[in-house]
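Handing you this structure, nothing more for now.
The values are calculated or read from the model by the stated rules, or taken from the named source; none is laboratory data. What you see is a predicted model; the values in this text were computed from it and never measured. Cβ atoms come from the backbone with ideal geometry, glycine included; neighbour counts cover every protein chain shown. Note: areas computed on protein heavy atoms with side chains; ligands, DNA, RNA excluded. Shrake-Rupley method; radii C 1.70, N 1.55, O 1.52, S 1.80 Å.
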Amino acid sequence: AADYFGPDGLVGPDASNRLRGLVLHDILASVSVPGDLPRAVDRAVDAGELPREDRDRTVHFLEAEIASVAARGWFATEDVRILNESPLIGADGTELRPDRVVLRPDGSALIIDYKFGKQDAEHVTQVRSYVDAYRALGHASVTGTLWYIRENGTDEFVEV
C-alpha cells in the first residue's frame, strides 16, 4: 500500500517506480511476439493495474524497447519457441521461472530476465541458475542475459 499512494497525490504505477516496474514486467510476460503487446497492455488497463490514460505511452515505450533488441532475436516470430514465465525444477528441487526463454531449432536456448530496478548481484545468481538448469536439460548452447529496462533510454544488459 505504501507504494500505491505517492506523496504528491499520484496513485498506482504513477506513484511508484517499483509498482510501475511490476506492471511493465507482467505486461512483457504476456508478449510472445511484438503483435501481442497492445492486447497485453489493454489487459493491464482493464485489470486496473495501469491507468487508462497511460495506455498509449506504455505501448509506445514497450514497442520501442522490443524493437531495440530485435537483432538479439528475443522477440523473433519464426523458427523459435517462446516460453514466458514457464516453470522448471532446478537440480536442488526448487522451482525456477525465467521471464523469457527462446528455444531455437539448433537446440540453443536464450534466457532473458527483465528488470526494471537497479542492478543487483543476486540477479546474476538467479539467471545463472536458469542457465544451469537449461544446460542440465541438454540444450547445446545456453546464454543468459539480464535486461535492465529504463524509461530514460539507458537500458543495460548483463550477459551471464
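Before anything else, pin down the relative contact order of segment 40-160: Cα pairs under 8 Å, at least 6 apart, normalised by residue count, whole percent.
On the way: 172 pairs, mean separation 21.4, N = 121.
Across segment 40-160, relative contact order equals 18 percent.
With a point put 7 Å past each Cα toward its Cβ, work out how far residue 135 is from residue 69 in nm, to one decimal.
About 2.1 nm, to one decimal.
Please determine, in degrees from 0 to 90 and to the nearest 10, the orientation of helix 55-68 with respect to the longest principal axis defined by the Cα atoms of the chain, where the helix direction is its Cα long axis.
Tilt of helix 55-68: around 30 degrees.
Determine the calculated [θ] at 222 nm for the chain from helices alone, applying -39500 (n - 2.57) to every DSSP H run no shorter than 4 residues and normalising by the residue count; nearest 500 deg cm²/dmol. Working shown, then result.
Values: 4 runs with 53 residues, N = 160.
Result for the chain, helices only: -10500 deg cm²/dmol.
Tell me the angle of helix 121-136 to the major Cα principal axis of the chain, expressed in degrees between 0 and 90 and rounded to the nearest ten.
Here the helix axis deviates by roughly 40 degrees.
Could I have the simple spin-label model distance between residue 125 and residue 60, label points 7 Å from Cα toward Cβ, reported in nm to one decimal?
For residue 125 paired with residue 60, the spin-label model returns 4.1 nm.
Keeping all protein chains in position, work out how much accessible area residue 60 exposes to a 1.4 Å probe, and write it in Å² to the nearest 10.
Residue 60 exposes around 120 Å² with every protein chain in place.
Accessible area of the chain with a 1.4 Å probe: how many percent of it is carbon plus sulfur? Mind dumping the intermediate values first?
On the way: 4350 of 8540 Å².
Carbon and sulfur: 51 percent of the exposed surface of the chain.
Report, in degrees rounded to the nearest 10, the 0 to 90 angle that the Cα long axis of helix 37-46 makes with the longest principal axis of the chain.
The two axes meet at around 50 degrees.
Mind putting together the pair-distance distribution for the chain? All Cα pairs, 10 Å bins, whole percent per bin, short to long.
That works out to 10, 37, 34, 15, 3, 0, in percent per bin.
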